[in-house]
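Data block below; observations after.
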Amino acid sequence: MHPTIDRVSIIEIDDSVSVSCKISQDKFGIGTSSGKLLIYDGDTLLSSTEMDSNISGIVRIGENLITATTNGLHAFASRQKWSLGIDSGCDIISASEENILVADGSGGVIQVHLDGEVTNREVIGDITGLICSNYNEIASISLANGSLLIIDKNVQIIHESVVSDDDTETISCMVFREEGVLLVSRESLGMIIDDRFQNRIECWHPNQGLIHTIELPSRVTAILATKKGALVGCIDGKLLSLEVGNNQIEEVINFDYPISNIIEYQGDILVSSWFQVYRINNSGEISWSFEHSGLITQMMILDNGNLVIIGESPAGSNPAPVILLDPDSIPYLPEGDEFNFEEISQGSSEFAGDLSQEEIALADAPPMAISETDDLMSALGEELEIINEEKVVEVDLLEDLSSSARAINLPPIADAGEDRTVNADEDETAIVLLDGSRSYDPDGTIESWAWQNEKDKIIGHTPMIKVKLPSGVHTFKLQVTDNRGASTTSMVTIRIQ
């Protein structure tokens, strides 16, 4: 058990949080799945605005807060400044210093100026990722088929990495380093023979294009750009450190579950994995851990140093609260994990394992004579008679073991089904049944199911759900929880070709 810290405050939310954004000082905004835009100063609610639909993104440009919904864009300062309707909705939003890029629901990228004027729109394709660089006026786009695009300020393609027609790839993370160098994590199923690594980080220069590729042991789930390279979190729980231009990879630490967020803080690293947040020092040791009631999906450091943690609750539970932590709080061992001990020096003879002089004398003494033995057996017989007169308490050992077994809760067995390859229809999509009905609990019942997609978003709460998928590789995670609160997970990969 690792040391933990106390929370600074807790914010109860009556709806699940879909997106979040740091504003300034202790202020931050969150968007909910029901369409509420909530602005907080610490744990104090400053404003609550009902939007027209689900909030899919929030970005900040200067003093302006731009929210994206399934109906369009909305800009706020001290009040709402403008709205821009987008018929196909806003799937993803990202921002540079003066412009907003939006991936709409019909495969287009829309460029919007800070004043709400649309300056450009280009049809790109089925977009799964969009991120603007803070260092120059470029952006990167990932597509459902695994292709990568880098565009300039006029939404024109300057670099393109297209997947072969007879192969399938997926892009899980993208992040820009200083000077606009893009780090992108890619996974290839290796359906054709070439020199690409199955799991890799690619480095793309805005002018030179692809400059370096680093092979990784497993699929990437989070990336933090550093001065020397990057810290990479993997689906198998490994936190890796790598340098751009160097193929050497250092394993910092290995957790039990996939890593969802990595943040740098005062020379240390804050990492979220499953329900836990860890502070890792520069020696790779855990300084403290904190357990959230929900599956951690988002984290951010405010200007005052507080850490905001946002999680998603298991199916059937109340929405997870938003937690504020001070990472510099003094760690302590949770109650029940503290213990006292007394060291025994090597110079002490007590409990040192040596025989006393009396014990040595008894060991060297000759055996007792027969008469002495008879006297001893007689004395023992008298003692045994006294003991036998006492009431004997019978113990049912089997019943004891049965009671102990009932007190132990065995976790449920999650089964998300077999990995599959499915042929796409003419529109390059396929409807797939995710079947977790073979999950069971050996000593109870399963109370809840939770299906999650590759972005850790919960998409279903029943044993079986149908999903419509585009061409590509898709990974889903099933979490089952039994009637006594124990949970396990299983993963399944679906390839649409």
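Below is a table of values for the structure above.
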| item | result |
| --- | --- |
| Residue in region 69-92 that is buried (at least 21 other Cβ atoms within 10 Å of the Cβ) and closer than 21 Å to SER133 by Cβ present | yes |
| PRO258 vs. criteria over 27 Å from GLU160 (Cα atoms) and either in the same structural domain as GLY305 (by TED's automatic domain parsing) or loosely packed, with under 14 Cβ neighbours inside 10 Å (or both) | yes |
| Conditions (1) in contact (Cβ under 8 Å) with a residue 12 or more places away in the chain; (2) under 19 Å from ILE309 (Cα atoms): number failed by SER53 | (2) |
| Test: residue in region 3-13 that is in the same structural domain as LEU84 (by TED's automatic domain parsing), under 18 Å from ILE66 (Cα atoms) and crowded, with 17+ Cβ neighbours inside 10 Å | no |
| Elements of type strands (runs of 3 or more DSSP E) contained in region 68-132, each with 1 or more residues being of a type outside the set (D, E, K, R) and touching a His at 6+ places or on another chain (Cβ under 8 Å) | 80-85, 99-104, 118-123 |
| Those residues of region 97-132 which are of a type in the set (Gly, Ala, Ser), surrounded by fewer than 19 Cβ atoms within 10 Å (Cβ to Cβ) and touching a Ser or Thr at 6+ places or on another chain (Cβ under 8 Å), in sequence order | GLY105, SER106, GLY108, GLY116, GLY125 |
| Identity of the residue in region 20-53, under 21 Å from PRO314 (Cβ atoms) and modelled with pLDDT under 95, that ends up surrounded by the fewest Cβ atoms within 10 Å (Cβ to Cβ) | SER34 |
| Residues satisfying the stated conditions in region 430-440, i.e. surrounded by 14 or more Cβ atoms within 10 Å (Cβ to Cβ) and more than 24 Å from LEU295 (Cα to Cα) | ALA430, VAL432 |
| Pick from region 133-174, criterion touching a residue at least 60 places away in the same chain (Cβ under 8 Å) and not hydroxyl-bearing (Ser, Thr, Tyr), ranking: surrounded by the fewest Cβ atoms within 10 Å (Cβ to Cβ) | ASN136 |
| Sole residue being in the same structural domain as ILE262 (by TED's automatic domain parsing), over 18 Å from the mean Cα position of the chain (by Cα), closer than 20 Å to ASP167 by Cβ and modelled with pLDDT of 90 or more, chosen from THR226, THR213 | THR213 |
| Residue tally, condition closer than 16 Å to SER142 by Cβ and not in a strand (DSSP E or B), over region 199-239 | 1 |
| Single condition SER34 does not satisfy, out of (1) in a strand (DSSP E or B); (2) more than 15 Å from ILE310 (Cβ to Cβ); (3) free of Cβ contacts under 8 Å to residues at least 40 places away in the same chain | (1) |
| Residues that are touching a strand residue (DSSP E or B) at 6+ places or on another chain (Cβ under 6 Å), more than 30 Å from VAL19 (Cα to Cα) and basic (Lys, Arg), drawn from region 419-478 | ARG420 |
| Only one of SER164, SER218, SER172 that is closer than 25 Å to VAL422 by Cβ, over 22 Å from the mean Cα position of the chain (by Cα), among the small types (Gly, Ala, Ser) and assigned by TED's automatic domain parsing to the domain that holds TYR257 | SER164 |
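Yes or no, residue by residue, for (1) surrounded by fewer than 15 Cβ atoms within 10 Å (Cβ to Cβ); (2) modelled with pLDDT of 90 or more; (3) outside any helix (DSSP H, G or I):
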{"residue": "SER378", "(1), (2), (3)": "yes, no, no"}
{"residue": "LEU384", "(1), (2), (3)": "yes, no, no"}
{"residue": "LYS391", "(1), (2), (3)": "yes, no, yes"}
{"residue": "ASP400", "(1), (2), (3)": "yes, no, no"}
{"residue": "PRO442", "(1), (2), (3)": "yes, no, yes"}
{"residue": "ALA450", "(1), (2), (3)": "no, yes, yes"}
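The values are calculated or read from the model by the stated rules, or taken from the named source; none is laboratory data. These numbers were taken from a predicted model, which means no experiment stands behind them. Neighbour counts are summed over all protein chains in view; Cβ atoms, including those assigned to glycine, are modelled from backbone coordinates with ideal geometry.
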